[in-house]
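The structure appears right after this line, and notes come after that.
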Amino acid sequence: MPVGTYKKGHRHTAGTNVFCVSGQGYSLFWYEDDEDFTRVDWHHGVMYTPPENMFHQHFNTATQPSRYLAVQFGSTRYPLFEVKRQIWDKGVDTSLKDGGNQLEYEDQPPEIHKIFLRELDKNQVESEMGDIFDEDAIRAEM
């Protein structure tokens, strides 16, 4: 993950283990229609498992790129469980608007980008998300 960026929110079945290989940042977790976020801070060696169908997003707030590895039992080609095939076929990278499981940036809860900007300010890191968000307007609301 490049410095000052974050992934789109998404959800999937349980059993995916996310291991931070390098860098640091945090991930936010929440269920649909609930903006009560749970935050997990990560750095090298931290591992966490997003719960079933819980939206989550990964944020790099470090001064260097971050890498993580997401592993699970089975694969897209050999899912071992039919529910895995269904959710991966439906599309973790396909927008909710198109029947998938990915939350587009414009549809994410507004507080998410504010949290990100505050964290970047604390770490003295520049945002690289300005092409996607009107960060001056967002900062004016903070």
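Please count how many residues of region 3-44 are modelled with pLDDT of 95 or more and in contact with an Asp or Glu (Cβ under 6 Å, 6 or more places away or on another chain). Total satisfying the criteria: 3.
Of all residue pairs spaced 6 or more apart or on separate chains, those with beta-carbon atoms under 9 Å, a first member in region 8-19 that is within 16 Å of ARG67 (Cα to Cα) and a second member that is hydroxyl-bearing (Ser, Thr, Tyr) and not in a loop (DSSP other than H, G, I, E, B) are LYS8/SER95; LYS8/TYR105; ASN17/TYR48; VAL18/SER27; VAL18/TYR48; VAL18/TYR68; PHE19/TYR48; PHE19/TYR68. Scanning region 23-42 for residues that are closer than 16 Å to PRO65 by Cβ and touching a residue at least 40 places away in the same chain (Cβ under 8 Å) yields GLY23, GLN24, GLY25, TYR26. The residues of region 90-139 that are in a helix (DSSP H, G or I), among the aliphatic types (A, V, I, L, M) and modelled with pLDDT of 95 or more, listed by number, are ILE112, ILE115, LEU117, LEU120, ALA137, ILE138.
The values are calculated or read from the model by the stated rules, or taken from the named source; none is laboratory data. What you are looking at is a predicted structure, and each value in this text was computed from that prediction instead of being measured. Note: ideal-geometry Cβ built from the backbone for every residue, glycine included; neighbour counts use all protein chains shown.
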